[in-house]
Amino acid sequence: MKRIIFILALTVTTCAAAYAQKVKHVILVSIDGLRPDFYKDKSWPAPNLQRLMAEGVYADEVHSVFPSVTYPSHTTIVTGAYPARHGIYYNVPFGAKNGHWYWEESYIKTGTLWDAIKKAGMTSAAVMWPVTVGAPINYNFPVRRADDDEKTDQLTVTRPYVTPSTLIDDYGKAYGTLSKEDFGSAHDRFDKTVGNLASYIIRTYKPNLTAIHFLGADHEQHAHGRDAAEVKNAVAVIDSMIGTVIKTVNDAGLKSSTAIIITGDHGHVDTKASFAPNVYLAQHQILTDGKNWRAKFHPAGGSAFLYLKDKNDTKTLEEVKKILADLPEDKKALFRVLDRTALDKIGANPEAALGIAMKKGITVSNAFAGEPLRKVKKQGSAHGYYPDFHEINTGFIAIGAGINQKKEIPEMGIKDVAPLVSQLLGLNFKAPDGILISGILSGR
């Protein structure tokens, strides 16, 4: 038996080394709000994505995490761990001051690809990747926005956290000075800046792992709905920047040694109404305001998580369960309750006493006064839902060195990206929850 285990371990190690000899670079692209439609449906203006899908490996459905929001998802992509393990439970920490999100890499409780790259003596880069302030990344423009009392712009607030400290100025000398408008509210310009900065880093420094995060498609879906003209424009811009990145790889002579992975964090669901469960807690004097409460729900888009001020307060927990069970049938039809066992199964926040997963089209509001159910005034879309239906799923495409050709993967999870990157680069990295999906790597 020991001999069999040894042979299997030796085989895995040998395969990893073989891929590492061929693959020297991985470009990991995240399109925030990516849906498989963008590359499977040719009505979307994404010729680069559609060509990569046709020539490489793609997935029909890629499951997110719960809640299916940006920061937990991106952390799962680079750790291969569910939120329960890696510690990034939402975009915003529960109880955080206004404007403070999970910026810092120090929040992460498990190993990351950045750690494994550094340990292997390789180099890494990231542009606008969430939860990377202070991360061990050689070339890093992280996500860091203004907090409560910081009245400034994206570029100014991020500059102190950029590594190396000369990165922005060096880019400016070569390609023109970046301004605050390049990182402003015009998302097409923002994504062009992200793509150009990433291309500069690839061309100049040739990192072993480069992670790139495009934001515009997500923002436009939130603002206008899944299929609005603004979303199609955002997808077209991102697709063109992916083309720019690919050209950079080719021009730098890296094509034969580079694998390109394109994935996302979640899909999007058109919204119809918002539901405020804290209204019911306020009606029963469990919650009176932001400071005085025994229990309250923390919203995360299409879901919410119940916190107990005293985590051992089972009496209040049972009271909340009864409140939810006694709601009118039309309100109970809007969600399903997830007890601690169900939350553990999906790898969700271990601090929550229970969760609620909303019906498609219903989001959760933080209000604790007024009507508990309100119709939306303007069409938009959202995420954060339990990742078990088509609209909330995201996508995956892989192509290049070490990658199979013309292969379809029926389904996978974003947790399975880190094991793939690790295998390609020959890293000593073990994903806690992700697995290496069969059929993606060439020869396997």
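The values are calculated or read from the model by the stated rules, or taken from the named source; none is laboratory data. Quick caveat, the model's predicted, so the values are computed rather than measured. Quick reminder, even Gly has a Cβ in these numbers, built from the backbone with ideal geometry, and neighbours come from all protein chains shown.
Look at region 134-161 and say how many of its residues are among the aliphatic types (A, V, I, L, M) and either crowded, with 19+ Cβ neighbours inside 10 Å or not assigned by TED's automatic domain parsing to the domain that holds R203 (or both).
Looking only at region 134-161, we keep the residues that are among the aliphatic types (A, V, I, L, M), and these are 135, 137, 143, 146, 155, 157.
Now narrow it down to the ones that are either crowded, with 19+ Cβ neighbours inside 10 Å or not assigned by TED's automatic domain parsing to the domain that holds R203 (or both): 135, 137, 143.
Count: 3.
Out of all the residues in region 210-239, which are small (G, A, S) and either more than 26 Å from V131 (Cα to Cα) or surrounded by fewer than 17 Cβ atoms within 10 Å (Cβ to Cβ) (or both)?
Of everything in region 210-239, those that are small (G, A, S) and either more than 26 Å from V131 (Cα to Cα) or surrounded by fewer than 17 Cβ atoms within 10 Å (Cβ to Cβ) (or both) turn out to be A223, G225, A228, A229, A236.
For region 150-183, which positions are of a type in the set (G, A, S) and outside any loop (DSSP other than H, G, I, E, B)?
Once the filter is applied, which keeps residues that are of a type in the set (G, A, S) and outside any loop (DSSP other than H, G, I, E, B), region 150-183 yields G172, A174.
Looking for whichever is under 21 Å from the mean Cα position of the chain (by Cα) and within 29 Å of T156 (Cβ to Cβ) here; the options are A198, A236. Which one fits?
After applying the criteria, what remains is A198.
Name every residue in region 202-243 that is touching a Leu at 6+ places or on another chain (Cβ under 8 Å) and on the phi < 0 side of the Ramachandran plot, in order of residue number.
Within region 202-243, I202, N208, L209, T210, A211, I212, A217, D239, I242 qualify.
Among the numbered criteria (1) of a type outside the set (A, V, I, L, M); (2) without any contact (Cβ under 8 Å) to a residue 60 or more places away in the chain; (3) part of a helix (DSSP H, G or I), which single criterion is violated by S438?
Among (1) of a type outside the set (A, V, I, L, M); (2) without any contact (Cβ under 8 Å) to a residue 60 or more places away in the chain; (3) part of a helix (DSSP H, G or I), the lone unmet condition for S438 is (3).
What tally of residues in region 184-214 results from selecting those that are of a type in the set (K, R) and outside any helix (DSSP H, G or I)?
1
Would you mention how many residues in region 83-120 are outside any loop (DSSP other than H, G, I, E, B) and among the small types (G, A, S)? Lay out the reasoning, then the answer.
Residues of region 83-120 that are outside any loop (DSSP other than H, G, I, E, B), as a first pass: 83-86, 104-107, 113-119.
Still in the list and also among the small types (G, A, S): 84, 106, 116.
Qualifying residue count for the region: 3.
Which of the residues that make up region 162-188 are loosely packed, with under 15 Cβ neighbours inside 10 Å and either within 22 Å of the chain's Cα centre (by Cα) or aliphatic (A, V, I, L, M) (or both)?
A174, G184, S185, A186
Condition test on I403, is it at pLDDT 95 or above, β-branched (V, I, T), under 16 Å from I27 (Cβ atoms) and surrounded by fewer than 24 Cβ atoms within 10 Å (Cβ to Cβ)?
yes
Which members of region 338-355 meet the condition of being part of a helix (DSSP H, G or I) and either on the phi > 0 side of the Ramachandran plot or not hydroxyl-bearing (S, T, Y) (or both)?
Within region 338-355, R340, A342, L343, D344, K345, I346 meet the criteria.
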